[in-house]
Amino acid sequence: MSEREPDFKASASALGYVYQLREALHLCVGRLGNLDWALAIEAGDDIEEVRRDGRTYYQLKHRSPGTRMTNASVDLWKTLRIWCHAIAHGQIDLDETDLILLTTAELPHETVGSMLQPEDSRQRDEQSALEALSVFSVDAPG
């Protein structure tokens with residue numbers, strides 16, 4: 001009888017959790033020396049950062065290499081739905097809150113994800129992203 005080799009592959013959810021912890025630790029290290037903030041995991045969002053001047057909600061999506069986040073991406077629309085629901089129900093005040101979607105997926109050129117990258121990427125174009133979302137949501141089935 002042959003002995004079965006152990007399965008050492010981590011599940012997708014375990015990898016996502018490790019990614020979440022890694023990003024939370026990265027945020028903490030980046031704020032060393034400043035005591036005016038707090039970080040929570042799985043509170044308001046995957047990661048919630050609270051500062052004296054507001055808060056930031058981070059929605060994290062860990063995906064396999066080669067995965068692309070297009071305008072039809074379930075990750076994009078699910079994140080937007082979660083945030084819109086929280087805003088509509090008074091759980092998020094946009095005057096005090098930044099919303100950030102962090103993903104390991106590729107962001108193809110001229111997709112909503114690529115247009116909503118940080119300011120320093122020089123690719124940020126909120127108006128074009130809004131127009132793309134509006135067109136896509138009108139064209140979407142259902």
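Quick notes on this one:
- Selection status of K78, under 14 Å from T104 (Cβ atoms) and surrounded by 12 or more Cβ atoms within 10 Å (Cβ to Cβ): no
- Whichever residue in the stretch 94-123 is in contact with a helix residue (DSSP H, G or I) (Cβ under 7 Å, 6 or more places away or on another chain) and without any contact (Cβ under 8 Å) to a residue 24 or more places away in the chain and, among such residues, is surrounded by the fewest Cβ atoms within 10 Å (Cβ to Cβ): L94
- The requirement of being part of a loop (DSSP other than H, G, I, E, B) and at pLDDT below 95 is fulfilled somewhere in the stretch 19-32, by at least one residue.
- Breaking point among (1) touching a residue at least 60 places away in the same chain (Cβ under 8 Å); (2) open to solvent by 50 Å² or more (accessible area, probe 1.4 Å), for N71: (2)
- Positions within the stretch 19-65 being of a type in the set (D, E, K, R), loosely packed, with under 15 Cβ neighbours inside 10 Å and under 16 Å from T104 (Cβ atoms), in sequence order: R22
The values are calculated or read from the model by the stated rules, or taken from the named source; none is laboratory data. Remember, predicted model here, so these are calculated numbers, not experimental data. Reconstructed Cβ throughout: ideal geometry from the backbone, glycine too, with neighbour counts over all protein chains shown. For the accessible areas, the whole protein counts, side chains as well, though only heavy atoms, and no ligand, DNA or RNA atoms are used. Shrake-Rupley method; radii C 1.70, N 1.55, O 1.52, S 1.80 Å.
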